[in-house]
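See structure below.
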Amino acid sequence: MFCRLLAIAHKRSKDKLESKLRRSKDETCNIVELFQSIIDYGRAIKNYCVFAKSFHETIQNAGGFDVVDSKCNDILASHGKEYRIFLPDEIQKRRTLLFKILKALELNSSTQDDHLIAAMHYILDNEKKRALFLPNEVELPFITNFWQKRVYSGGSKNPKVNRKVLESCILEFVSKGLNWLV
């Protein structure tokens, strides 16, 4: 059941990526037109202050920096092949059930390397927390570069751990471990 729920989350993440790719064609054209207008206007302006003001007004007229940034991120995400960026959202929909199953499984490591089990207990211990970030109190030497880039933020001096992404990462690795046993 646990592995099946994660497989469904993966499938829905893939579907979400495909859907965003189909929708992103119009968004891509809109963003390119926006930046082309900025470039065209920038060529004609010799005064940098006037250009900066024009740039700011153009972005504000397009919905503001946050809206334009969000559209750019959606375009970049949808043109890639990495559907797992949508996995945390899908896993959060079944989070309660996944955690109940994970507790019931009572998993242990068959080797001396128990980093995954320790990480699993860490997310279970923090199950009730709803904060965006958790303290960096767990070692994750097994995670891939894809997950490492998304789990950690805040730089090397004060790394923060994104809770939702960490949960998705750990649940995915637990599922892979269980599938490996079959």
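The values are calculated or read from the model by the stated rules, or taken from the named source; none is laboratory data. All figures in this text were calculated on a predicted structure; none of them were measured in a lab. All Cβ positions, glycine included, derive from the backbone under ideal geometry; neighbour counts span all protein chains shown.
Structure notes:
- Subset of the stretch 141-182 [more than 21 Å from R95 (Cα to Cα) and of a type in the set (A, V, I, L, M)]: L181, V182
- Filter result for A118 (over 24 Å from K20 (Cα atoms), among the small types (G, A, S) and at pLDDT below 95): yes
- Pairs, first under 13 Å from I143 (Cβ atoms) in the stretch 114-126, second assigned to a helix (DSSP H, G or I) and among the aromatic types (F, W, Y), C-beta under 7 Å, six or more apart: L116/F173
- Residue satisfying all of: in the stretch 53-65; polar (S, T, N, Q) and surrounded by 11 or more Cβ atoms within 10 Å (Cβ to Cβ); modelled with the lowest pLDDT among these: S54
- Flag for K129 being on the phi < 0 side of the Ramachandran plot and not in a helix (DSSP H, G or I): yes
- Of all residues in the stretch 80-92, none are part of a helix (DSSP H, G or I), farther than 30 Å from L105 by Cα and aliphatic (A, V, I, L, M).
- Being out of contact with any strand residue (DSSP E or B) (no Cβ under 9 Å at 6 or more places or on another chain), farther than 14 Å from A9 by Cβ and surrounded by 14 or more Cβ atoms within 10 Å (Cβ to Cβ) holds for only one residue in V50, V68, and it is V68.
- Residues satisfying the stated conditions in the stretch 1-32, i.e. within 17 Å of L178 (Cβ to Cβ) and hydrophobic (A, V, I, L, M, F, W, C): M1, F2, C3, L5, L6, A7, I8, A9
- Reported count of residues in the stretch 81-120, each being more than 14 Å from I170 (Cα to Cα), among the hydrophobic types (A, V, I, L, M, F, W, C) and out of contact with any helix residue (DSSP H, G or I) (no Cβ under 8 Å at 6 or more places or on another chain), is 1.
- M120, sole failed condition from (1) surrounded by 11 or more Cβ atoms within 10 Å (Cβ to Cβ); (2) outside any helix (DSSP H, G or I): (2)
- Out of E127, E82, sole residue that is more than 17 Å from K176 (Cα to Cα) and modelled with pLDDT under 90: E82
- Test result for D89, more than 14 Å from the chain's Cα centre (by Cα) and either more than 17 Å from M1 (Cβ to Cβ) or surrounded by 14 or more Cβ atoms within 10 Å (Cβ to Cβ) (or both): no
- Unmet criterion (only one of (1) within 28 Å of K149 (Cβ to Cβ); (2) without any contact (Cβ under 8 Å) to a residue 12 or more places away in the chain) for K71: (2)
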